[in-house]
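Here the structure is laid out as structure tokens; the discussion comes afterwards.
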Amino acid sequence: MRVLAIGECMAELAPAEVPGNYRLGFAGDTFNTAWYLARLRPDMAVSFQTAIGTDAISRQLREAVAGCGIGTDHIRTVPDRTVGLYLITLTNGERSFSYWRDHSAARLLADDAAALAHAMEEADLVYFSGITLAILAPAARKTLLDALRTARAAGKRIAFDPNLRPRLWSDMGEMTETIMQGAAVCDIALPSFEDEARWFDDADPEATADRYAAAGAETVVVKNGSDPVHCRQGDAQGTYPVPPLSSVIDTTAAGDSFNAAILAGIADDSPMEASIARACRLAGQVVQGRGALVPVDPARVDG
């Protein structure tokens, strides 16, 4: 299975153990999922498609991506641009973010339609998110959605995490409309109920699953924090418990890592119950560490 993740990878400043100190790393929602997928399945060909600048930190980002076993052939270089930056602030394990990304090269990742199509041609499964859509100009957003639609028609499987981030959109109508356009080109939707309830007025996770299924997704896995995961595959629906955790240090990338285990299970044709159980165990490890990319033990994920 060849997996292509599309989106933005940013420089991350995460709180270190010493108060007031920060660690520099690289992270971003779809990249995080690719990173955890490469940890779970080192035998799988995982690539990342984005755009970076020509400065030192852009080169450092490319080297970091390659160094963790993720393919960089589809990372474009854009002159006079750089990578975005975000800083994590933690309060009782819950994170908030401050961003500096206006001059991010990743905003131009879909400007080259031919490069985008070529990247998808080399993949079996393509993964993108609502953040991927949000950072693009409207014309580039259409280019990406058209490429995804074409790839799906050619037999590629498309996975989508809506990852609703209102601050990235000009208004909420644009956000909800575009998210459902993304849903219309995917086979696998991975929404989070808290966000969906707030912005789509879903009464319960089943309503979220039904809405994405109606848009065209064959499989919908609805994350819901510590509450049960709701899954719909075709006409079949079920809920799966989330094991309790004794403590949470940092919830950054909990959903991204969860998604990685779901995609690994889809690649293996694993039963969804087993995939969700592994996803919960992986996310449980991740929230015990700091920052987006936490060293994990695949053996513990497999139970």
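The values are calculated or read from the model by the stated rules, or taken from the named source; none is laboratory data. Being a predicted model, the structure only gives us computed values, none of them experimental. Counting neighbours? That spans all protein chains shown, and the Cβs are built from the backbone with ideal geometry, glycine included.
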Here are some residues: D102, D80. Which one is more than 18 Å from the chain's Cα centre (by Cα) and either assigned to a strand (DSSP E or B) or over 22 Å from L164 (Cα atoms) (or both)? D80
For the stretch 164-186, pairs from a residue that is aromatic (F, W, Y) to a residue that is not in a loop (DSSP other than H, G, I, E, B), with Cβ under 7 Å and 6 or more apart or across chains, are W169/A134; W169/M175
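Does R76 meet the test of being closer than 24 Å to D111 by Cα and basic (K, R)?
Yes, satisfied.
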Enumeration of residues in the stretch 156-177 that are part of a helix (DSSP H, G or I) and under 16 Å from T30 (Cβ atoms): L168
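Regarding I88, is this residue aliphatic (A, V, I, L, M), crowded, with 16+ Cβ neighbours inside 10 Å, at pLDDT below 95 and within 18 Å of the chain's Cα centre (by Cα)? First the steps, then the outcome.
Details: aliphatic (A, V, I, L, M): yes; crowded, with 16+ Cβ neighbours inside 10 Å: yes; at pLDDT below 95: yes; within 18 Å of the chain's Cα centre (by Cα): yes.
In short, yes.
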Residue count for the stretch 19-47, restricted to those that are among the hydroxyl-bearing types (S, T, Y) and either without any contact (Cβ under 8 Å) to a residue 24 or more places away in the chain or touching a Pro at 6+ places or on another chain (Cβ under 9 Å) (or both): 1
Closer than 17 Å to G28 by Cα, touching a Phe, Trp or Tyr at 6+ places or on another chain (Cβ under 9 Å) and exposed (fewer than 15 other Cβ atoms within 10 Å of the Cβ): which single residue out of F128, F97 fits that description? F97
Return yes or no: is A66 in a helix (DSSP H, G or I), within 28 Å of L40 (Cβ to Cβ) and without any contact (Cβ under 8 Å) to a residue 24 or more places away in the chain? yes
Contacts under 7 angstrom Cβ, first residue in the stretch 246-259 being closer than 20 Å to L13 by Cβ, partner modelled with pLDDT under 90 and not in a loop (DSSP other than H, G, I, E, B), 6 or more apart: D250/L90; D250/R95; T251/E94; T251/R95; T252/I88; T252/R95
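Yes/no matrix, rows are residues, columns are (1) among the aliphatic types (A, V, I, L, M); (2) at pLDDT 95 or above; (3) in contact with a strand residue (DSSP E or B) (Cβ under 6 Å, 6 or more places away or on another chain):
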| position | (1), (2), (3) |
| --- | --- |
| S58 | no, yes, yes |
| G71 | no, yes, yes |
| D102 | no, no, no |
| L116 | yes, yes, no |
| E121 | no, yes, no |
| A134 | yes, yes, no |
| L148 | yes, yes, yes |
What are the pairs, 6+ residues apart or on separate chains, where a residue within the stretch 48-61 that is in contact (Cβ under 8 Å) with a residue 12 or more places away in the chain has its Cβ under 7 Å from a residue that is among the basic types (K, R) and surrounded by 15 or more Cβ atoms within 10 Å (Cβ to Cβ)? A51/R76; I52/R62; G53/R81
If you scan the stretch 265-302, which residues turn out to be within 18 Å of A189 (Cα to Cα) and part of a loop (DSSP other than H, G, I, E, B)? D269, S270, P271
Counting just the residues of the stretch 134-146 that are within 15 Å of A51 (Cβ to Cβ) and without any contact (Cβ under 8 Å) to a residue 60 or more places away in the chain, which one comes out surrounded by the most Cβ atoms within 10 Å (Cβ to Cβ)? L136
Subset of the stretch 157-182 [over 24 Å from F97 (Cα atoms) and buried (at least 19 other Cβ atoms within 10 Å of the Cβ)]: R157, I158, A159, G182
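Yes/no per residue for (1) out of contact with any Leu (no Cβ under 9 Å at 6 or more places or on another chain); (2) more than 18 Å from G255 (Cα to Cα); (3) hydrophobic (A, V, I, L, M, F, W, C):
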| site | (1), (2), (3) |
| --- | --- |
| G130 | no, no, no |
| T143 | no, yes, no |
| A153 | yes, yes, yes |
| R157 | no, yes, no |
| R167 | yes, yes, no |
| M175 | no, yes, yes |
| Q181 | no, yes, no |
| A184 | no, yes, yes |
| S192 | no, no, no |
Within the stretch 1-59, restricting to residues that are in a strand (DSSP E or B), touching a Cys at 6+ places or on another chain (Cβ under 9 Å) and not small (G, A, S), the one that is surrounded by the most Cβ atoms within 10 Å (Cβ to Cβ) is F48
